[in-house]
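Undergrad: Let me begin by handing over the structure; questions about it come next.
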Amino acid sequence: MNIEPSSRRALVTVIRPRNASRYAPLTSWLLTLPLLATFAVGFLYPVSKLVALSFASGSESYLRLWGEPLYLSVLTTTAMTAAAVTVFCLVLGYPVAFAMTRFKGKAAIITAACVFVPLWTSVLIRSYAWIVLLQRNGIINDSLQGAGLTEQPLKLLYTQGAVILGMTHILLPFAILPIYATLRTLPPDFARAAANLGADRARTFMLITLPLSLPGVFAGGILCFVLALGFYITPALIGGPGSMLMATLIGQQTTVLLDWPFAAALSTILLTFTLIIVFLFRRALSLSKGFQSVH
Amino acid sequence: MISRQITHACNLACLIVVAALFMPARLAAAQDQIVIASTGGAYDRALKEAWFDPFTKETGIAVTIVSATNAEMRAKAAAMVKSNNVSWDLYLEGEIQAASDAHREVTEDLTAFCERFSTKTDLVSNACQAGGALLQSTATLLVYREKDEQQETPATWADMWDTVKFPGGRAFPNFDDPWRVLAAALLADGVKKDELFPLDVDRAFCKLDEIRGDVTLWWKTGDQSVQGFRNGEYDVGQIWLTRARAMKNEGLPIGWSYKASFLVGDRIALIKGAPNRENALKLVEFWLDNPVVQAKACDILSCTPPSTQAIALMSDQARESMPTTEEIKDSVIIPDATWINANAPLLLKRWNEWVR
């Protein structure tokens, strides 16, 4: 079969790359197709079913939701908790990420293990570990009393503070890894140049390293925040009655009352809220000059 | 070289995972089997030893146990029925929920099946109902730490509210089913047993405000109530009898009072469209027909079996911890399931608003 040279050329450009560093459009589509298909079947389809379910009886579920101050107030608490956890994760995670880029040999391996091993451990086990530490006659209370700092055991477990502590611990790797990834791509020449021009270490960090690592900080922050919004197991195990989060309410409607349309409406609200936050973060990111100078 | 080995290992692992994902759920399912969902742990072990194993021995039908919490079972069973993909046959459900409309939508009406037990005089009158067969009854009740032999011990819900006479932290359940806490508050406030239902929710929350500051533990799981007592987090609490009994067996100084108790039971429900329906009904029949089996299970779990003959067969020690007929008549409260089910969303909403 003869193919016209021009159309043949066109076909070749679709399948074969124009230059070596890029895939041709069709090839890249074919390569991403399995992922896209999985995404459509495993995520888009169920989520659209969920949204449809929330409208099963018209907008009744949503009207009920707005009519109850409880749900909005819990949504606010959820957002505040997630924000607090994100801030703690970034503040605690940045120095670790920074240190990881400087360490070599054994120190690097040990730090990496300290970050990854908790990440690979089940959330359930890590939450139970906090119960062991924080309970009335746990290690922390025993040491405080042993040192004579407190007379009565402190109420540490089943508090909002315990929830924030536990969630920060679980989400810390999600802040450390993106920051580490960004810091690693920064050429050491930048810092050297700054030093050459007379900047001391603190000034170099504040003016060069920190601004350039902001994309990683944003990426880590948004990962932590979005994951924290949906936390369920940790607040259930180490939280008290005061630490009621959105996921707790969704769980109640799903399993206790079997009111799935209402549970779906609550989930849709949480999802919409999450998407809005992600969108706002992106807007903030694209306005940040530091971001564009790197990518 | 090493990295290539790692790549090979990863490829192999991926293949295994993919293969496992596409494996049919019930590979080579045995011809004669039943799948029953139960709450796991000591409960499952007792049922297996006393009920399932003898059944398998007699009939050759294998019994597979799936473990989940009550709420998970309820949600999963409902999802199975809705998606027309039922892989369980039986599951255990609380007495109250088993009387709800939502339960009826998911489970088969057993009225016709229950007729064969109407002539059995040893069974209690509610042993077999549309919503399921009665597995056992137990109580949620007032427990306290035994301090000094001579001292008076708390006996009623009013005593639980009396923090002067009975000092120490208090514990209440907070597992999304708040009626028993509200009911205790009303009884403490002087409401009579016969006038308890329908619950006066506003009055109950007012009474609860009084004790809120003394509550040192709001437990979500039975395990928390046990761990809290061991740690000395509370001295007087409302917990499950089965857990209190387990702590007593461990040698902990715990006592309880039937003067402040609610009767709650578990039912065995048959899911609509159960794949092994006939076998499952045989298993239910085996339970109700065999006082020996019931006695053995309840000896381990310290529960009250549906057959009076079974009670007679139980050990003296287990029978001692059961309420006497007198206590049941005068003080043990049987909750109004219809009212609780009709008001469940409202109760939970009010509870959420109050507790947080």
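The values are calculated or read from the model by the stated rules, or taken from the named source; none is laboratory data. This structure is a prediction, so every number in the text was calculated from the model and none was measured. Cβ atoms come from the backbone with ideal geometry, glycine included; neighbour counts cover every protein chain shown. The area values use the complete protein model at the heavy-atom level, side chains included, leaving out ligands, DNA and RNA. Shrake-Rupley method; radii C 1.70, N 1.55, O 1.52, S 1.80 Å.
Undergrad: Mind checking whether some residue in the stretch A:153-160 is surrounded by fewer than 13 Cβ atoms within 10 Å (Cβ to Cβ) and not in a helix (DSSP H, G or I)?
TA: No, because not a single residue in the stretch A:153-160 is surrounded by fewer than 13 Cβ atoms within 10 Å (Cβ to Cβ) and not in a helix (DSSP H, G or I).
Undergrad: Still on this structure, I have one more. Which residue, of A:Leu249, A:Leu223, is assigned to a helix (DSSP H, G or I), away from chain B (no Cβ under 11 Å), over 20 Å from A:Leu157 (Cβ atoms) and at pLDDT 85 or above?
TA: Just a single option satisfies the conditions, and that option is A:Leu223.
Undergrad: Specify the residue that is nearest to the other protein chains (Cβ to nearest Cβ); the eligible residues are those in the stretch A:226-246 that are over 30 Å from B:Asp101 (Cα atoms) and assigned to a helix (DSSP H, G or I).
TA: A:Leu237
Undergrad: On to the next question. What are the residues in the stretch B:136-155 that are out of contact with any Pro (no Cβ under 9 Å at 6 or more places or on another chain), open to solvent by 50 Å² or more (accessible area, probe 1.4 Å) and either in contact (Cβ under 8 Å) with a residue 12 or more places away in the chain or small (Gly, Ala, Ser) (or both), if any?
TA: Selection gives B:Glu152, B:Thr153.
Undergrad: Applying the selection to the stretch A:34-88, what residues are under 16 Å from A:Ala265 (Cα atoms), within 14 Å of chain B (Cβ to nearest Cβ) and either aromatic (Phe, Trp, Tyr) or not in a helix (DSSP H, G or I) (or both)?
TA: Once the filter is applied, which keeps residues that are under 16 Å from A:Ala265 (Cα atoms), within 14 Å of chain B (Cβ to nearest Cβ) and either aromatic (Phe, Trp, Tyr) or not in a helix (DSSP H, G or I) (or both), the stretch A:34-88 yields A:Ala56, A:Glu68, A:Tyr71.
Undergrad: With the requirement that a residue be surrounded by 19 or more Cβ atoms within 10 Å (Cβ to Cβ) and farther than 14 Å from B:Leu142 by Cα, what does the stretch B:226-246 give you?
TA: B:Gly228, B:Glu233
Undergrad: Is it the case that the stretch A:119-139 has a residue that's more than 26 Å from A:Tyr158 (Cβ to Cβ), hydroxyl-bearing (Ser, Thr, Tyr) and within 14 Å of another protein chain (Cβ to nearest Cβ)?
TA: No: the stretch A:119-139 contains no residue that is more than 26 Å from A:Tyr158 (Cβ to Cβ), hydroxyl-bearing (Ser, Thr, Tyr) and within 14 Å of another protein chain (Cβ to nearest Cβ).
Undergrad: Shifting gears a bit: So which of B:Asp266, B:Asp209, B:Asp223, B:Asp200 ends up being open to solvent by 60 Å² or more (accessible area, probe 1.4 Å) and within 19 Å of the chain's Cα centre (by Cα)?
TA: Testing whether each residue is open to solvent by 60 Å² or more (accessible area, probe 1.4 Å) and within 19 Å of the chain's Cα centre (by Cα) leaves just B:Asp223.
Undergrad: Here's a follow-up. Taking the conditions exactly as written (open to solvent by 10 Å² or more (accessible area, probe 1.4 Å), within 14 Å of another protein chain (Cβ to nearest Cβ) and either farther than 23 Å from B:Val181 by Cα or among the small types (Gly, Ala, Ser) (or both)), does B:Ala312 satisfy them or not?
TA: The answer is no for B:Ala312.
Undergrad: Then there's this: State the number of residues belonging to the stretch B:126-135 that are open to solvent by 30 Å² or more (accessible area, probe 1.4 Å) and part of a loop (DSSP other than H, G, I, E, B).
TA: Total satisfying the criteria: 1.
Undergrad: Yes or no: B:Leu283 away from chain A (no Cβ under 14 Å) and open to solvent by less than 30 Å² (accessible area, probe 1.4 Å)?
TA: yes
Undergrad: Further, regarding this structure: So is B:Ser83 small (Gly, Ala, Ser), closer than 19 Å to A:Asp259 by Cα and open to solvent by 50 Å² or more (accessible area, probe 1.4 Å) or not?
TA: yes
Undergrad: Just to be sure I understand, how many residues within the stretch B:290-309 are more than 20 Å from the chain's Cα centre (by Cα) and open to solvent by less than 60 Å² (accessible area, probe 1.4 Å)?
TA: Summing the residues that are more than 20 Å from the chain's Cα centre (by Cα) and open to solvent by less than 60 Å² (accessible area, probe 1.4 Å) in the stretch B:290-309 gives 2.
Undergrad: Related question: Looking at the stretch B:106-127, can you tell me whether even one residue there is more than 17 Å from the chain's Cα centre (by Cα), over 30 Å from B:Phe229 (Cβ atoms) and within 14 Å of chain A (Cβ to nearest Cβ)?
TA: Looking for residues that are more than 17 Å from the chain's Cα centre (by Cα), over 30 Å from B:Phe229 (Cβ atoms) and within 14 Å of chain A (Cβ to nearest Cβ), one finds at least one in the stretch B:106-127, hence yes.
Undergrad: Separate question: Tally the residues that are within 13 Å of another protein chain (Cβ to nearest Cβ) and either more than 16 Å from B:Asn231 (Cα to Cα) or at pLDDT 90 or above (or both), restricting the search to the stretch A:153-171.
TA: Total meeting the criteria: 3.
Undergrad: Name the single residue, out of those in the stretch A:215-251 being among the β-branched types (Val, Ile, Thr) and under 17 Å from the mean Cα position of the chain (by Cα), that is most open to solvent (accessible area, probe 1.4 Å). Steps first, please.
TA: At the first step, the residues of the stretch A:215-251 found to be among the β-branched types (Val, Ile, Thr) are A:217, A:222, A:226, A:233-234, A:238, A:248, A:250.
From the residues that got through so far, the ones that are under 17 Å from the mean Cα position of the chain (by Cα) too are A:217, A:222, A:226, A:233-234.
Values: A:Val217: 27, A:Ile222: 34, A:Val226: 50, A:Ile233: 73, A:Thr234: 1 Å².
Among those residues, the one meeting the criterion is A:Ile233.
Undergrad: How many residues does the stretch B:327-356 contain that are away from chain A (no Cβ under 14 Å) and not hydrophobic (A, V, I, L, M, F, W, C)?
TA: 7
Undergrad: Tell me whether the stretch B:33-52 contains one or more residues that are outside any loop (DSSP other than H, G, I, E, B), modelled with pLDDT under 90, outside the structural domain of B:Phe175 (by TED's automatic domain parsing) and open to solvent by 50 Å² or more (accessible area, probe 1.4 Å).
TA: Yes, the stretch B:33-52 has at least one match.
Undergrad: On the given criteria, is A:Gly216 more than 26 Å from A:Leu50 (Cβ to Cβ), assigned to a loop (DSSP other than H, G, I, E, B) and away from chain B (no Cβ under 14 Å)?
TA: It is false that A:Gly216 is more than 26 Å from A:Leu50 (Cβ to Cβ), assigned to a loop (DSSP other than H, G, I, E, B) and away from chain B (no Cβ under 14 Å).
Undergrad: Turning to a different aspect of this structure: Looking at A:Thr150, A:Thr111, A:Thr101 in this structure, which one is away from chain B (no Cβ under 13 Å), assigned to a loop (DSSP other than H, G, I, E, B) and in contact with a helix residue (DSSP H, G or I) (Cβ under 6 Å, 6 or more places away or on another chain)?
TA: Working: A:Thr111 fails: assigned to a loop (DSSP other than H, G, I, E, B); A:Thr101 fails: assigned to a loop (DSSP other than H, G, I, E, B).
Just one listed residue meets the conditions, A:Thr150.
Undergrad: If you don't mind, another one. Filter the stretch A:117-133 down to the residues that are aliphatic (A, V, I, L, M), touching a residue at least 24 places away in the same chain (Cβ under 8 Å) and within 14 Å of A:Pro235 (Cα to Cα) and list them by number.
TA: Answer for the stretch A:117-133, where residues must be aliphatic (A, V, I, L, M), touching a residue at least 24 places away in the same chain (Cβ under 8 Å) and within 14 Å of A:Pro235 (Cα to Cα): A:Val123, A:Leu124, A:Ile131.
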